[in-house]
Amino acid sequence: MRITLALLAAALLGACNVGHTHEDEAASAPEPAGGAVTLWTDSTELFMEHPALIVGAPDKFAVHLTDLTDFAPLRSGRITLRFEPRGGGEPLVVTQAAPRAPGIYGPAPEFGRPGVYDLTITVESPQARDVIRVPDLRVYASAEEAPKEEGGESGGISFLKEQAWKTPGFATAFAANGRVTESFQATGQIVPAAGRMARISAPVAGVVEASGLARSPAPGQRVAKGQVLAVLTPALGEGGSAYAQARAELREAEDEHARATRLYAVEAVPQRRVHEAEIRLAAAREALAAFGGAGAARADGRIVIRAPLAGVVASRTLAPGSRVDAGAELFTVVDPSVVWLEARVPATEAARVSATSEATFRVAGSPDVREVRRTVSVGSVIDSVSRSVPVIYEVDNPDGVLKIGMAAQVAVGTGREVEGVVIPRTAVLDEDGRPVAYVQVEGESFEKRELTLGGAGGGRALVRSGIEAGERVVTGAAYQVRLASLSTSVPAHGHEH
């Protein structure tokens, strides 16, 4: 009996091991490969996923439909899928009255015979009415005949439809052949425009009055022309006595002018006397103006420091009760409504720039491309150290976003039109000083491409390398796709498969 039980246990163990081997082999066998299709019409984007198409097996599709007018999902409406067999015969027609989720339809056609089918999708929605044709769908007689999944992960950037639909401003467009004005890249800097920056210095040595400084504007605050910035009490013996003498001479000149005018009115003195008094008065005013202007003086002898122009206080380098020397800088006021962009054009490109050249630029930290208003000047001397020539452009800055000292990448136009692949300028991002764009290679898969640009104009950029005509580029919210490329987590997929 012991021998019989041992043999039975061995047999059962062997059978169990054989069963596990078959299950493991079945589990490790690759699954039949499904497919994915991405197509664009003038009004609709189709991204369709499906399993391997097998005769007799209800194959559930995931049909994603996007309205290209605003890149939103189709939220309602009916779609009809008509599968036409290539060899002739009765077509298979499947209709779904409404999406199962916004933008996602889940029809489940069941094929009766193998072969190649051409699919026509008819979209009837309040958002879009369209006909989309998908050729060459192959249906297999059995799962064994279908190609198997090869495994491995795709190297693209995953950005799901559910993410794109929820991202404000997301948009794509085709790269196409076109013409733009040729340009080349140069570095630049935002600087104050001529006549729109003032460095305000102490006209004489003195002490800053605390009461006046308490109302003084801080850096970053706007000031009006003539607004009081500070009050200075002149120091005697260090320009203060000369200032007092200039004030006294002005008072004497004013009195003399008033007296001469009165006497001339009663014909007590000749007109020459009035003319001499006017000359003396003008000279006295000019002498006092050297200390900060006649309008800056107060009756008590203190000097009022006023803003010479309207703008923003860029710096303030004084404290209440502090002593300042004559000529010491007290304030810097800048009018930022108009600024200059100083581009450093390489010597090798200098001959291609003229006073009529247009330019666009992007400042560090901002994806926005701005246009210059006009060319102010083109330098005539190449710097021996940097081997570059300065080109200055005038730029409108009504919102004050451009700050003095900002670095910029400048696309300097040559005035010559060139032909090639063009994309919307909003598709171009700056990554570490290199232009890049994101290409939609499939419905939910994107690639980053480094670009060589050849010009820009009319909201378009010419691409010399990196993108081919007919490829689809991200033109809106491309930065969100870039963030997705940096993410190490895999987003949850919301499709109804």
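Screening residue 219 on (1) more than 28 Å from the chain's Cα centre (by Cα); (2) surrounded by fewer than 15 Cβ atoms within 10 Å (Cβ to Cβ); (3) of a type outside the set (S, T, N, Q); (4) part of a loop (DSSP other than H, G, I, E, B) shows it passes everything except condition (1). Residue pairs whose Cβ atoms lie under 6 Å apart, separated by 6 or more positions or on different chains, with the first residue in the stretch 163-174 and under 17 Å from residue 482 (Cβ atoms) and the second open to solvent by 60 Å² or more (accessible area, probe 1.4 Å), are 167/480. In the stretch 201-216, the residue that is farthest from residue 231 (Cα to Cα) out of those that are open to solvent by less than 20 Å² (accessible area, probe 1.4 Å) and assigned to a helix (DSSP H, G or I) is 213.
Of all residues in the stretch 34-74, those satisfying the criterion of being open to solvent by 20 Å² or more (accessible area, probe 1.4 Å), within 21 Å of residue 165 (Cβ to Cβ) and among the aliphatic types (A, V, I, L, M) are 36, 37, 39, 68. Condition first: closer than 22 Å to residue 432 by Cβ and touching a helix residue (DSSP H, G or I) at 6+ places or on another chain (Cβ under 8 Å). Now tell me which residues in the stretch 361-393 satisfy that. Correct list: 367, 369, 388.
I'd like to know if the stretch 424-432 contains one or more residues that are open to solvent by 50 Å² or more (accessible area, probe 1.4 Å) and closer than 18 Å to residue 187 by Cβ. Within the stretch 424-432, one or more residues are open to solvent by 50 Å² or more (accessible area, probe 1.4 Å) and closer than 18 Å to residue 187 by Cβ.
All of 377, 366 fail the test of being outside any strand (DSSP E or B), small (Gly, Ala, Ser) and on the phi < 0 side of the Ramachandran plot, apart from 366.
Filtering the stretch 395-433 to residues that are under 14 Å from the mean Cα position of the chain (by Cα), assigned to a strand (DSSP E or B) and more than 29 Å from residue 196 (Cβ to Cβ) leaves 424, 429, 431.
If the condition is being open to solvent by 70 Å² or more (accessible area, probe 1.4 Å) and within 17 Å of the chain's Cα centre (by Cα), then the stretch 451-482 contributes 458, 460, 479, 480.
Taking the stretch 102-126 as the region of interest, how many residues are among the hydrophobic types (A, V, I, L, M, F, W, C) and loosely packed, with under 15 Cβ neighbours inside 10 Å?
To start, the set of residues in the stretch 102-126 that are among the hydrophobic types (A, V, I, L, M, F, W, C) comprises 104, 108, 111, 116, 119, 121, 123.
Then keep just the ones that are loosely packed, with under 15 Cβ neighbours inside 10 Å; that gives 108, 116.
Summing the residues that are among the hydrophobic types (A, V, I, L, M, F, W, C) and loosely packed, with under 15 Cβ neighbours inside 10 Å in the stretch 102-126 gives 2.
The rows are residues; the columns are (1) among the β-branched types (Val, Ile, Thr); (2) free of Cβ contacts under 8 Å to residues at least 24 places away in the same chain; (3) open to solvent by less than 20 Å² (accessible area, probe 1.4 Å).
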position: 381; (1), (2), (3): yes, yes, no
position: 398; (1), (2), (3): no, no, no
position: 405; (1), (2), (3): no, no, no
position: 411; (1), (2), (3): no, no, yes
position: 416; (1), (2), (3): no, no, no
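So, residue 71, is that one modelled with pLDDT of 95 or more, of a type outside the set (Gly, Ala, Ser) and under 30 Å from residue 473 (Cβ atoms) or not?
Details: modelled with pLDDT of 95 or more: yes; of a type outside the set (Gly, Ala, Ser): yes; under 30 Å from residue 473 (Cβ atoms): yes.
Yes, satisfied.
The set of residues in the stretch 463-477 being under 11 Å from residue 170 (Cβ atoms) and either free of Cβ contacts under 8 Å to residues at least 60 places away in the same chain or among the β-branched types (Val, Ile, Thr) (or both) consists of 474, 475.
Out of 198, 186, one residue alone is assigned to a strand (DSSP E or B), touching an Asp or Glu at 6+ places or on another chain (Cβ under 8 Å) and more than 30 Å from residue 68 (Cα to Cα). It is 186. Run residue 87 past the list (1) buried (at least 16 other Cβ atoms within 10 Å of the Cβ); (2) closer than 14 Å to residue 138 by Cβ and report the number of the one that doesn't hold. All conditions pass for residue 87, except number (1). Remark: pairs (first residue in the stretch 181-207, touching a residue at least 24 places away in the same chain (Cβ under 8 Å) and acidic (Asp, Glu); second residue open to solvent by 50 Å² or more (accessible area, probe 1.4 Å) and assigned to a strand (DSSP E or B); Cβ separation under 6 Å; 6+ apart in sequence or on different chains) = 182/416.
From the set of residues in the stretch 353-378 that are open to solvent by less than 30 Å² (accessible area, probe 1.4 Å) and over 17 Å from the mean Cα position of the chain (by Cα), which is modelled with the lowest pLDDT?
First, the residues of the stretch 353-378 that are open to solvent by less than 30 Å² (accessible area, probe 1.4 Å): 353, 357, 359-361, 363, 372, 375.
This time we only want the ones that are over 17 Å from the mean Cα position of the chain (by Cα), so: 353, 357, 375.
Numbers: 353: 89, 357: 82, 375: 93.
Ranking the candidates gives 357 first.
For the stretch 292-308, name all the residues that are assigned to a loop (DSSP other than H, G, I, E, B), open to solvent by less than 50 Å² (accessible area, probe 1.4 Å) and either modelled with pLDDT under 85 or in contact with a helix residue (DSSP H, G or I) (Cβ under 8 Å, 6 or more places away or on another chain) (or both). Scanning the stretch 292-308 gives 292, 293, 301.
Filtering the stretch 309-352 to residues that are among the aliphatic types (A, V, I, L, M), crowded, with 21+ Cβ neighbours inside 10 Å and more than 19 Å from residue 209 (Cβ to Cβ) leaves 333, 339, 341, 343, 345.
The values are calculated or read from the model by the stated rules, or taken from the named source; none is laboratory data. Quantities reported herein were computed from a predicted structural model and do not represent experimental measurements. Every residue, glycine among them, receives a Cβ derived from its backbone with ideal geometry; neighbour counts consider all protein chains shown. Note: areas computed on protein heavy atoms with side chains; ligands, DNA, RNA excluded. Shrake-Rupley method; radii C 1.70, N 1.55, O 1.52, S 1.80 Å.
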